[in-house]
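The values are calculated or read from the model by the stated rules, or taken from the named source; none is laboratory data. Bear in mind that the values here come from a model prediction, so they are computed numbers and not experimental data. Every residue, glycine as well, gets a Cβ built from its backbone with ideal geometry; the counts of neighbours run over all protein chains shown.
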Amino acid sequence: MQQQSATPTPLAEGGAALLTADAISLSYAESFIFKDISFAIARGAKLALVGANGAGKSSLLKVLCGKLQPDTGSVDIARGVRSAYVEQEPSLPPGAPAADFIFSSDAPFARALAEYRAAVQAVDDGESDASERVGRAAAAMDKADAWGIEEEMQRLCATLEVDHLLSRDASSLSGGERKRVALAAALLSQPDLLLLDEPTNHLDIGAIRFLEGEIAARSLTALIVTHDRSFLSATCNEVLELSRTEVHRHRGDYEAFLASKQARLEAEGAATAAARNKLKTELAWVRKQPQGRQAKSKSRVDAFQQLSSRVAVGTAALKDGGSVSLGGASMQRLGGKLLTCHRIAVDAPGGDGRRVVNGFEYEFGRKDRIGVVGPNGAGKSTLLQALQGHLPLLDGHIECGETVRFGHYEQRGLETDLPVELTVLAFVQEAVARAPGGGVSADADEKAATSLLSKFLFPPKRWYDRVAKLSGGERRRLQMLRVLALQPNFLLLDEPTNDLDLDTIGVLEDFLVNEYLGVLLIVSHDRFFLDKTVDHLFVLPGDGVGEVRDWQGTFSDYVLF
């Protein structure tokens, strides 16, 4: 349902409003991020919030939880509702252990549990009044019925892999560690309303599946910004689509979202007749599938989502069906010799002696499409660095062919090294000029840059904005364009879908599957993305032994096995 007026969108059937947003607007630098949007969320509803990078999804969550004040309108949350919000990049208060943040909820059980843990520590420290303090804390635990919460905290922290972090100063934690601590704190607080911004970033697949189960099993209300289509399908029963400062509400699961979006796009006349027919065919196929779809079915559903996205934005790929030139010349062809690993061994950075790869032997082929999977800390990013010669080998050696040209999209360091004063177009054009065959003609470089920007959904009105004005997701997208503009023939992508919107992920998948001709190595927690783009896995156990398993098949095949 399209919503532009001040009247909130209808609630789910039979639900009372837990949260109501009435004609809220938010602006930045004299431009509206969203304007006069209204909707209501029923108690018990679990909604995904989707939309293009820069549409204002993260800003909307901050308005709803009170961290940002809207320029106009109001947000009303029902009396007595306890809410928890986990932002995309959580910041924890420095100077205190992470455990203090875990117990920072205003719920009585959280206060009682925090005091009990402090009292037990006082006993260990030999404080004179420790026994009396433990007695008072135990009575408070009884009153708050908090004894089971201690076990719940241990379960959450162990599964989210933060139990070993609780005594560390919060300021020493990495971004991924802060995210997992914040998720544990939010779940432990037993909220009535849970607001999550890209919760699957920095989680391994085991932790993601655990989080899915927690959200699905609890009788809470949730609004979740996520790019992870598997996570969306497992947790949400409605979708709010933030599009061009409007709110479109799609009832039902991910399949229902696809169907509803198709109907809206047809009504808006955004697709050609051929594209509309293709969408109808795909939707008919989706509706025939059983609930427990296997990998091939998921790929087909995902392809449908990608097609509908391209219809919506009218990308060049849909209009002319052609490939986009990524520079002044074609990607350099790989020679007969690519990359060969001869029983290499690599330790984790930091000098703790933990072996992440041991005795790894593999000869890469021209058509290799490989996913790298394993638990957090298993060494997936370390392996990518070692293959490029950026880390010392403890044993073995690597042979690299002369024609190999690496392109590395890193999970870290994406925000800090961007030249924020450059315009978006100048940033990409600069990368194109450094590619093979680039730098000969400014006109040719600009044409290649605009073609690449169009393909990856940067509208012309954004080309002349400075990088400093871009959202986090747009900056990630721009960083991806810089890697692709250099025309690598050996592409290493480390969590490439983090912070990207669904439309952009669809375009990236289309490029990798249908246009990119080189070697592809992907670290990702995104199950849909892996199933679509790779047919072979390196499985890192994370056990300190480092024996890499070479699995022939998709990720879904591996999980089923």
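Some points to look at:
- Scope region 340-380; condition among the small types (Gly, Ala, Ser) and at negative phi; matching residues: Ala345, Ala348, Gly365, Gly371, Ala378
- Considering the conditions (1) of a type in the set (D, E, K, R); (2) surrounded by fewer than 22 Cβ atoms within 10 Å (Cβ to Cβ); (3) at pLDDT 95 or above, Arg209 is excluded by exactly one of them, (3).
- Within this structure, Phe406 fails the test of being free of Cβ contacts under 8 Å to residues at least 60 places away in the same chain, surrounded by 15 or more Cβ atoms within 10 Å (Cβ to Cβ) and among the aromatic types (Phe, Trp, Tyr).
- Some residue of region 461-479 being part of a loop (DSSP other than H, G, I, E, B), surrounded by fewer than 18 Cβ atoms within 10 Å (Cβ to Cβ), touching a helix residue (DSSP H, G or I) at 6+ places or on another chain (Cβ under 8 Å) and not assigned by TED's automatic domain parsing to the domain that holds Gly54: yes
- Residues that are surrounded by fewer than 19 Cβ atoms within 10 Å (Cβ to Cβ) and either closer than 26 Å to Ile77 by Cα or touching a Gly at 6+ places or on another chain (Cβ under 9 Å) (or both), drawn from region 170-191: Ser171, Gln190
- Here Ala21, Ala55, Ala48 are screened, and the one residue that is modelled with pLDDT under 95 and of a type in the set (A, V, I, L, M, F, W, C) is Ala55.
- Breaking point among (1) over 25 Å from Leu203 (Cβ atoms); (2) in contact (Cβ under 8 Å) with a residue 40 or more places away in the chain, for Lys461: (2)
- Residue match in region 413-420 (condition: without any contact (Cβ under 8 Å) to a residue 24 or more places away in the chain and closer than 24 Å to Thr533 by Cβ): yes
- Within region 100-117, the presence of at least one residue that is at pLDDT below 85, surrounded by 12 or more Cβ atoms within 10 Å (Cβ to Cβ), closer than 30 Å to Arg209 by Cα and of a type in the set (Lys, Arg) is confirmed.
- Test: residue in region 254-264 that is modelled with pLDDT under 85 and under 19 Å from the mean Cα position of the chain (by Cα): yes
- Within region 234-245, the set of residues being within 17 Å of Asp503 (Cα to Cα) and surrounded by fewer than 19 Cβ atoms within 10 Å (Cβ to Cβ) comprises Ser243, Arg244, Thr245.
- Looking at Lys46, Lys62, just one residue is in contact (Cβ under 8 Å) with a residue 60 or more places away in the chain and within 26 Å of the chain's Cα centre (by Cα), and that residue is Lys46.
- Here Leu502 fulfils each of the conditions (1) in contact with a strand residue (DSSP E or B) (Cβ under 9 Å, 6 or more places away or on another chain); (2) within 28 Å of Gly365 (Cα to Cα) apart from (2).
- The set of residues from region 39-52 being surrounded by 23 or more Cβ atoms within 10 Å (Cβ to Cβ) and part of a loop (DSSP other than H, G, I, E, B) comprises just one member, Ala52.
- A single entry from Glu161, Glu127 fulfils the requirement of being part of a loop (DSSP other than H, G, I, E, B), without any contact (Cβ under 8 Å) to a residue 24 or more places away in the chain and surrounded by 12 or more Cβ atoms within 10 Å (Cβ to Cβ): Glu127.
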